[in-house]
Amino acid sequence: MQDFQSEGKSQFESARFKSLLNNLRLLLRDESNQLLSFEEINRGLELHNQHYLGIRQVKLKNIVGSIDRYRDFDRYFLPKKAHLEHRWSNIYNAYKKDMSLPAVKLYKVGDIYFVLDGNHRVSVARRMGVIYIDAEVIEFKTRIPITREMDPKDMFILYEREKFMDLTGLREKRPDIKIRLTIPGKYDFLLNQINNHMNYLNSKNDRQYGFKDAALDWYDNIYLPAIRVIDQYRIIENFPNRTKSDLYVWINEHKYHLREKFGNNIGLSDAAYDFSKRFSEGFLPGVKLFFNNLLKKIIKKSK
């Protein structure tokens, strides 16, 4: 009779070694070898609407995270810790003997799954080349499409953008809106700016502006003019991996910093020029920006 227990231990050590190789390979590519944490996703997407889907077959490759064991396995569900060996090899032994195992329990978010119960079973099944696994599934609804190819940062940014659009009503009032940020948390900067703008409008006018009315006024009279300044200085050329909305946030943050240092006479154009000169990569972008700014001043004086 074949010794599946011994084979299980050997397979476990081989799987751990492969996980180590994955660490090195992905490190060279500047990629993470971590399983996704459901708590991190839950916090970032504010999940709450859940319902029971029952027992179904789930593709193992779509199980990309865990509730509480995301530090024990790598992104391919290979074991990382030595203390997992006993349970892992026992489950391997059960699979090899065609023993019936209970369905794993999963949380579903979009098209991806997180293990609530059955991390070792998922790990062994993937190691053995199994394609599907029986699972008891609870789904958490989300308004944005979630796929296994997405980075958590991209998920959070998509969710934050949807939240921003809902709170401001700008999607309906300005269907061609092109506010897109690439850094998590920066939509809150815009929301705070709109709130301050609402307070300003209400202090200067007889009519009372609601948040959505203030958002529309902010977009037309603050955001879009600032984007025109960014276009005028051609600053985006010096930040090829960012958006104009990213630059809007950074330049405004830089403007606040300059005002604390030099006083309130610092305008957006001055902040934009100083920001790009300081933070553009290389010598040529700074020189190009200097002459663009000089030409702008000459044209302005000649009028």
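Quick note: the coordinates plus some simple rules give every number you see, no bench work behind them. All figures in this text were calculated on a predicted structure; none of them were measured in a lab. Because the Cβ atoms are built from the backbone with ideal geometry, glycine has one as well, and the counts that use them run over all protein chains shown.
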Checklist outcome for this item: Expected vector for segment 67-76, Karplus 3J(HN,Hα) from phi with 6.51, -1.76, 1.60 and θ = phi - 60°, integer Hz, x for Gly and Pro, equals 6, 9, 10, 5, 8, 8, 10, 8, 5, 9
Checklist entry - Helix 186-204 versus the longest principal axis of the chain: what is the Cα-based angle in degrees, 0 to 90, to the nearest 10? => result 40
Checklist entry - Are there trypsin sites (Lys or Arg not before Pro) in segment 120-202 that DSSP puts in a loop and that have at most 10 other Cβ atoms within 10 Å, and which ones? => result LYS178
Checklist outcome for this item: Taking segment 161-229, the whole-percent share of alpha-carbon pairs separated by over 15 angstrom is 52
Checklist entry - If you take the beta carbon distance between ARG143 and LYS61 as r and set R0 to 22 Å, what does 1/(1 + (r/R0)^6) give as a FRET efficiency, to the nearest 0.05? => result 0.35
Checklist entry - Spin-label point model (7 Å from Cα, Cβ direction): what's the ASP154 to SER269 distance in nm? => result 3.9
Item to check | Dipole of segment 59-206, positive end: most advanced residue of ALA125, ILE144, PHE164 [Cβ charges, Cα centre] | outcome: ALA125
Next on the checklist: Using only the alpha-carbon atoms, how far is helix 283-302 inclined from the longest principal axis of the chain? Give it as 0 to 90 degrees, nearest 10.
Outcome noted: 30
Item to check | Relative contact order (%) - segment 4-140, alpha-carbon pairs under 8 angstrom, separation at least six | outcome: 34
Checklist entry - Which whole-number percent gives the relative contact order of the chain, counting Cα pairs below 8 Å spaced six or more residues apart? => result 14
Checklist outcome for this item: Between the Cα axis of helix 85-96 and the main Cα principal axis of the chain, the angle (0 to 90°, nearest 10) is 60
Checklist entry - Between PHE211 and ARG234, what FRET efficiency follows from the Cβ-Cβ distance if R0 is 41 Å, with the result rounded to 0.05? => result 0.75
Checklist outcome for this item: For LYS277 and ARG71, extending 7 Å from Cα along the Cα-Cβ vector and measuring point to point gives, in nm, a value of 4.8
Next on the checklist: If I stretch the segment between GLU31 and ASN196 completely, what's the gain in nm (0.36 nm per residue apart, minus their alpha carbon distance), one decimal?
Outcome noted: 55.5 nm
Checklist entry - Quick one: what do you get for the chain if you divide its Cα Rg by 2.2 N^0.38 Å? => result 1.38
Checklist outcome for this item: From fewest to most C-beta neighbours within 10 Å, the residues THR182, THR168, THR142 line up as THR182, THR142, THR168
Next on the checklist: Against the empirical 2.2 N^0.38 Å scaling, what ratio does the C-alpha Rg of segment 4-140 come to?
Outcome noted: 1.05
Checklist entry - In a GNM of the chain with a 10 Å cut-off on Cα contacts, which of LEU26, LEU181, LEU78 has the highest mean-square fluctuation? => result LEU26
